[in-house]
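The next block holds one structure in the form of structure tokens; read it before the comments.
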Amino acid sequence: MPIIGIDYEKCNNCQICVDACYGGTGCLKLDTEQNKIIFDDPKNLCYSCGYCVSRCSAEAILYVDMGEMQAFGEAQDPSTLISYETLHKFMSSKRSMRGFKNKKISRNEMKKVLNSIKYAPTGANIRTLRCTIISDDEKIKKLSEAIMDIIISSNTPDYKAYRDEGYKQYRDQGIDRIFFEAPHVMIIHSDNSGDAMNAPIGLTYGMLSAQSLGLGSCWIGLAHRVLTSNKEVQEKLIGIQDKIWGVITLGYPHDDRKYYRVPPRPDLKTKGLEDLA
């Protein structure tokens, strides 16, 4: 249990943590007889969300195995960190990159991307995602070829468009139409079915973080689809036995991959907007 109690030498009995814990209905409670806050979780209901930790100005919440706590003034009002206009430009300029330099990402930069992924929201704050990063060129090549082999040999309608596009010719010519010779492939996986929703959110955080570092990325849905339906390839080539929830590529974009404007996108079909003032 990451939350383990209260440091009473620091606690000023302000009771803000009680409100932070599910509006006073959670594991932190006021013991009226002792007139102090107690952590009481016999049914293991604590989600380790950390709200009590982040709202305690006295730093009196005791916890373990929750990672490093970040403290910065703007956390009280994140809107002071970046304007909507700047954030919107940054997000709308995100491109799916399919052309990379022959250059590896440093371990430090990759750790920054992973650090952003870990802060992505998850259902009930259940954090079961695992990550496998493939950086060996030969291993990426073999995985790409195995995926193309499955597409070429399959008779299912799902892959007809790719067969019609000429994936056999690409395979015979040694052209990587899966990962586009990316220097890194990142695979997110777990044995928790809820991560079907959590993983795309986490990878989106990671891809936007990568963009801030000058890196390009692309969601490889075809690799995801093929690997999830072919456990033998998944286990033999990448050693993953649980469920794969997402696959992306990462690397430095080619110098010729420059964009001068954001492509247009249609508005969302929305109901209820007209009800707002």
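Coordinate-derived values only; no laboratory data. Just so it is clear, the structure is predicted and the values come from calculations on it, not from any experiment. As a convention, Cβ positions derive from the backbone with ideal geometry for all residues, glycine included, and neighbour counts pool all protein chains shown.
Points worth noting:
- Note on the chain: Cα convex hull, mean projected area over all directions, 20.6 nm².
- Förster radius 35 Å - calculated FRET efficiency between Phe90 and Thr32 (Cβ-Cβ, nearest 0.05): 0.10
- Going by neighbour counts of Cβ atoms within 10 Å, the residues Ile16, Ile147 line up, fewest first, as Ile16, Ile147.
- Semi-axes of the equivalent ellipsoid of region 163-277 are 29, 22, 16 Å, computed as sqrt(5λ) over the eigenvalues of the C-alpha gyration tensor in descending order.
- Ranked by how many other beta carbons lie within 10 Å on average, peptides 241-247, 105-111 from highest: 241-247, 105-111
- Normalised alpha carbon radius of gyration of region 88-251 [divisor 2.2 N^0.38 Å]: 1.03
- Fully extending the segment from Asp164 to Ser48, taken as 0.36 nm per residue of separation minus the present Cα-Cα distance, adds 36.8 nm.
- Relative contact order for the chain: 20 percent, from Cα pairs under 8 Å spaced at least 6 residues apart, divided by residue count.
- Extension gain (nm, one decimal) between Gln173 and Asn102, 0.36 nm per residue minus Cα-Cα: 23.6 nm
- Cα lying deepest toward the dipole's positive end in the chain, options Asn192, Val233, Tyr119, charges on Cβ: Val233
- Mean silhouette area of region 109-197, derived from the convex hull of its C-alpha atoms and averaged over all directions, reads 7.4 nm².
- Counting neighbouring Cβ atoms within 10 Å and putting the fewest first, the residues Leu227, Leu213, Leu276 line up as Leu276, Leu213, Leu227.
- Computed E for Trp219/Asp65 - FRET, C-beta separation, R0 30 angstrom, nearest 0.05: 0.45
- Projection of the Cα convex hull of region 10-108, averaged over all directions and equal to a quarter of that hull's surface, yields 10.9 nm².
- Separation of the Asp149 and Tyr119 label points, Cα + 7 Å toward Cβ, nm: 4.3 nm
- Across Lys139/Lys258; Lys118/Lys139; Lys89/Lys258; Lys141/Lys236, pairs whose alpha-carbon gap is larger than 18 Å: Lys139/Lys258; Lys118/Lys139
- For the listed peptides 119-130, 62-73, a ranking on the average number of other beta carbons within 10 Å per residue, highest first, reads 119-130, 62-73.
- Placed amide H near Gly5: partners under 5 Å, 5+ positions off or other chain: Leu62
- Rounded to the nearest 0.05, the FRET efficiency derived from the C-beta distance between Glu74 and Ile133 at R0 = 30 Å is 0.50.
- Karplus-based coupling profile of region 68-81, in residue order and whole Hz: 6, 8, 8, 9, 8, x, 5, 4, 5, 8, x, 5, 7, 6, with θ = phi - 60° in 6.51 cos²θ - 1.76 cosθ + 1.60 and x standing for Gly or Pro.
- Helical mean residue ellipticity (222 nm; -39500 (n - 2.57) per DSSP H run of 4+; nearest 500) of the chain: -9500 deg cm²/dmol
- Axis of helix 107-117 versus longest Cα principal axis of the chain: the two differ by about 60°, to the nearest ten degrees.
- Dipole of the chain, positive direction: furthest Cα of Ser135, Gly246, Gly166, with charges on the beta-carbon: Gly166
- Between helix 137-153 and the chain: long-axis angle, C-alpha atoms, 0 to 90°, nearest 10: 70 degrees
- 3J(HN,Hα) from dihedral phi, region 202-214, Karplus parametrisation 6.51/-1.76/1.60, rounded to Hz, x for glycine, proline: x, 5, 5, 4, x, 5, 5, 4, 4, 4, 5, 9, x
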